[in-house]
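Asks: Sharing a structure below in structure tokens format, with a few things to ask.
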Amino acid sequence: MIECLMGVINLKNVLISGYYGFNNTGDEAMIETMSILLAKRNYGLIVLSSNPDKTKELYNVQAYNRYKIFEVIKAIKKADIIVSGGGTLFQDITSKKSIWYYLGIVKIAKMLGKKVCVAYQGMGPIDTAFYRGMTKRTLNKKFVKLIALRDKNAIEYAKEIGIKEEKITFSSDMVFMMQPPAKERSLKILKDNLHGYEDGQKLIGFSVREWKDKDRTDLFAELADKLVEKYNARIVFFPFHKPKDAEISKIIMHKMKHEDSATLIPNRYLPSEILGTMGLMNVNIGVRLHSLVFSAVMNVPTIGISYDPKIDGFLEMINMTPVCTYEDISVEKIMQHVDEFMENKKVDYTEKIAEFKRVGEEALDKIIDLIGDSPQ
């Protein structure tokens with residue numbers, strides 16, 4: 001349970017609207033991190049969640065059901081500022097409904113006289129001209145005070161669709177401000193789940209996902225087996241979106257010849273605990289964006305497989321490029337990169353991560369400053 005300042009008279013509140021309560025580790029990390037950072041500044045956090053009871057229990061925040069309009073209105077009325085953030089909310093690739101929903105929250109905030117910030121998220125792609133126009137018109141309104149995006153590609157895309165340049169700034173990702181638990185806790189999580197692990201064994205993290213109708217489980221299983229055979233490695237699967245990522249990870253494990261050398265980290269740990277455990281890996285291979293961010297935050301060599309421009313955008317930020325795409329996964333190329341890292345090729349993301357953390361904290365300070373400003 002996270003300690004968070006609650007119940008203080010006249011405590012001001014920040015509401016976040018995003019993909020919360022869906023067992024997505026990357027998005028849940030924003031709740032955990034933001035609740036801690038706001039508590040340190042004597043502010044409360046309100047979350048619109050698909051599972052408000054669980055969100056309250058895990059993070060000791062206020063939470064309301066994102067699907068019940070009267071709860072949404074109640075939450076927005078209670079907030080001093082609305083933050084639309086975490087993930088890539090304004091896009092129409094995964095669903096046409098999501099862009100309606102998130103722009104709808106912004107419009108309700110406007111109706112209730114609230115200021116809005118867009119922060120710690122990506123932008124696009126928005127393929128439908130109508131949705132591009134709707135996004136542009138809504139986010140260019142005066143009551144939207146800040147548009148702080150997490151990577152260069154998102155910033156360029158926002159400009160491309162006509163969002164006013166003076167509104168746009170760089171915020172990085174909230175995850176860069178997350179802190180892992182003590183190393184002893186991370187080691188315990190690892191040993192509790194990786195039976196027979198011996199100190200000094202090579203550890204390689206996998207974070208995979210399904211993408212459209214492309215089945216890549218055979219290739220991931222082949223890759224994992226080669227790593228076990230070459231390095232006597234233990235393979236640790238980190239499912240970032242449960243249960244879907246856990247299901248595909250289990251399929252890969254069952255296809256492996258060396259299934260007994262692989263394990264799946266179960267869905268009972270906080271994002272910060274996953275962060276710390278990923279920090280114990282020798283290399284992390286990721287499809288999920290936040291698996292790559294977690295790895296970089298912990299200064300672990302990071303191998304990215306791209307399925308979306310946001311992967312390319314993040315890797316560019318740490319001076320890397322994807323090894324291959326999900327469309328055309330190359331076991332050989334991934335093995336070559338693992339070999340380089342295993343042969344003592346050092347990585348050092350610390351300077352970049354420190355910069356992203358600083359920028360992220362500056363964005364949060366701007367959001368808090370806006371609470372004290374005059375109404376919209």
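The values are calculated or read from the model by the stated rules, or taken from the named source; none is laboratory data. Not measured: the values here are computed from a predicted model. Cβ: placed from backbone, ideal geometry, glycine included. Neighbour counts: every protein chain shown. The protein model used for the area step is the full one, side chains on, heavy atoms only, and it has no ligands, DNA or RNA in it. Shrake-Rupley method; radii C 1.70, N 1.55, O 1.52, S 1.80 Å.
Asks: What aspartates and glutamates sit close enough to Lys242 to cross-link, taking a C-alpha to C-alpha distance under 20 Å and skipping anything fewer than 8 places away on the same chain?
Replies: Here the aspartates and glutamates satisfying the reach criterion relative to Lys242 are Asp27, Glu28, Glu32, Asp53, Glu57, Asp192, Glu210, Asp213, Asp215, Glu273, Asp308.
Asks: Treating only the Cβ of Lys, Arg, Asp and Glu as charged (+1, +1, -1, -1), what charge dipole size does segment 47-177 show about its Cα centre? Round to the nearest 20 debye. Each step should come with its number before you reach the end.
Replies: Values: 24 positive and 12 negative charges, 134 e Å.
Dipole magnitude for segment 47-177 comes out near 640 debye.
Asks: Using alpha-carbon pairs under 8 Å, 6+ residues apart, how would you state the relative contact order of the chain in percent?
Replies: Reported as a whole number, the value is 15 percent.
Asks: For segment 53-194, calculate the relative contact order in percent as a whole number, restricting contacts to Cα pairs under 8 Å that are 6 or more residues apart.
Replies: Averaging sequence separation for qualifying contacts and normalising by length gives 19 percent for segment 53-194.
Asks: Here's another thing I want to ask about it. Just need the relative contact order of segment 1-115 here, percent rounded to a whole number, with Cα pairs under 8 Å and 6+ apart. Walk me through the numbers before you get to the answer.
Replies: Numbers: 192 pairs, mean separation 33.7, N = 115.
In percent, rounded to a whole number, it is 29.
Asks: Residue farthest toward the positive end of the dipole of segment 173-315, with Cβ of Lys/Arg at +1 and Asp/Glu at -1: which of Gln179, Ile274, Asn284?
Replies: So the residue furthest toward the plus end is Gln179.
Asks: Which residue fluctuates most in the GNM of the chain (Cα springs below 10 Å): Lys212, Lys226, Lys142?
Replies: Judging by the Gaussian network model, the answer is Lys212.
Asks: Counting DSSP beta bridges in the chain, what percent are antiparallel, to the nearest 5?
Replies: 5
Asks: Could you provide, to the nearest whole Å², the per residue accessible area of the chain with probe 1.4 Å?
Replies: Averaged over the residues of the chain, the accessible area is 43 Å².
Asks: Right, another one. Alpha carbon centre of segment 292-346 versus segment 225-275: separation in Å?
Replies: So the two Cα centres are separated by 17 Å.
Asks: Another question about this same structure. Relative to the Cα centre, what is the charge dipole magnitude of the chain, using +1 at the beta carbon of each Lys and Arg, -1 at the beta carbon of each Asp and Glu, and rounding to the nearest 20 debye?
Replies: Details: 54 positive and 49 negative charges, 377 e Å.
Using Cβ point charges on Lys, Arg, Asp and Glu, the chain gives about 1820 debye.
Asks: Here is a follow-up. Is it possible to state the helix-based mean residue ellipticity at 222 nm for the chain, with each DSSP H run of 4+ residues giving -39500 (n - 2.57), the sum divided by total residues, to the nearest 500 deg cm²/dmol? What is it?
Replies: Dividing the helical sum by the residues of the chain leaves -14000 deg cm²/dmol.
Asks: Also: Which of Ile251, Ile46, Ile31 moves most in a GNM of the chain, Cα contacts under 10 Å?
Replies: Highest fluctuation among the options: Ile251.
Asks: Right, another one. For segment 198-205, in order, what is each residue's ³J(HN,Hα) by Karplus, 6.51 cos²θ - 1.76 cosθ + 1.60 with θ = phi - 60°, in whole Hz (x at glycine and Pro)?
Replies: Per-residue couplings from phi come out as 10, 3, x, 5, 5, 10, 10, x Hz.
Asks: Sticking with this structure for a sec: For Leu280, Leu38, Leu58, write out the residues from largest to smallest accessible area, computed with a 1.4 angstrom probe and no ligands counted.
Replies: Solvent-accessible surface, decreasing: Leu58, Leu280, Leu38.
Asks: Once you've got the Cα coordinates, tell me which of Lys141/Lys212; Lys77/Lys145; Lys250/Lys345; Lys255/Lys310 are over 23 Å apart.
Replies: Lys141/Lys212; Lys250/Lys345; Lys255/Lys310
Asks: Select from segment 307-376 those trypsin sites (Lys or Arg not before Pro) which occupy a DSSP coil region and have at most 15 other Cβ atoms within 10 Å, ordered by residue number.
Replies: Of the trypsin sites (Lys or Arg not before Pro), the ones in loops of segment 307-376 whose Cβ has at most 15 other Cβ atoms within 10 Å are Lys345, Lys346.
Asks: Over what distance in Å are the Cα centres of segment 46-102 and segment 131-168 separated?
Replies: Each part reduced to its Cα centre gives a spacing of 20 Å.
Asks: Say the cut-off is 30 Å between C-alpha atoms; which of Lys40/Lys202; Lys54/Lys357; Lys54/Lys110; Lys244/Lys333; Lys56/Lys366 go over it?
Replies: Numbers: Lys40/Lys202 38 Å; Lys54/Lys357 28 Å; Lys54/Lys110 28 Å; Lys244/Lys333 26 Å; Lys56/Lys366 26 Å.
In this structure, Lys40/Lys202 lie more than 30 Å apart at Cα.
Asks: Using a 1.4 Å probe over the heavy atoms of the protein chains, calculate the carbon and sulfur portion of the accessible area of the chain as a whole percent. Can you show the working numbers first?
Replies: Working: 7950 of 16170 Å².
Heavy-atom surface of the chain belonging to carbon and sulfur, 1.4 Å probe: 49 percent.
Asks: Hey, got the dipole for segment 154-233? About the Cα centre, +1 on K and R Cβ, -1 on D and E Cβ, debye to the nearest 20?
Replies: Details: 14 positive and 16 negative charges, 47 e Å.
Result for segment 154-233 is approximately 220 debye, rounded to the nearest 20.
Asks: Let me know the shape class of segment 295-376, please: from the alpha-carbon gyration tensor, a ≥ b ≥ c as square roots of the eigenvalues, rounded when a/c is under 1.5, otherwise prolate if a/b is greater than b/c, or oblate. All intermediate terms of the calculation are to be shown ahead of the outcome.
Replies: Details: a/c = 5.26, a/b = 2.09, b/c = 2.52.
Cα axes put segment 295-376 in the oblate bin.
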